[in-house]
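Some notes on the structure that comes next.
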Amino acid sequence: MGKSELFSHFAERFDIKRTLAREFFDELAVLAEKELKRADEFVLPGMVKLVVQKRKPRKGRNPATGEEISIPAKTVVKARIVKQLKDSVLPKK
């Protein structure tokens, strides 16, 4: 499902204009960005938790030459899917 289909779905479901649905999602993205900068995490209840993770510098290998390279430290955002959602979507082992 693309962005356009997502906006259309919410517009139909809640009987609002697509532009208003898009504004809600745009504001959600702005809010997530602010919270990640402020508290290093953002939770969308029942769905996902976004967490800022700081990675240390490390050694790696160039797969083409086998030469050892230095990978610099960096900051990334990780998404952790809520267990209840995972369990409902993924098959049981």
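Since every read-out is calculated from the coordinates, none of them should be taken as a lab result. What you are looking at is a predicted structure, and each value in this text was computed from that prediction instead of being measured. Note that we place each Cβ from the backbone using ideal geometry, even for glycine, and neighbour counts take in every protein chain shown.
When the stretch 46-93 is limited to residues that are part of a loop (DSSP other than H, G, I, E, B) and among the aliphatic types (A, V, I, L, M), the one that is farthest from residue 36 (Cα to Cα) turns out to be 64.
Exactly one residue among 5, 27 is over 24 Å from residue 78 (Cα atoms), part of a helix (DSSP H, G or I) and out of contact with any Asp or Glu (no Cβ under 8 Å at 6 or more places or on another chain), and that residue is 5. Screening the stretch 6-44 for residues that are basic (Lys, Arg) and surrounded by 12 or more Cβ atoms within 10 Å (Cβ to Cβ) and picking the one that is farthest from residue 82 (Cα to Cα) gives 18.
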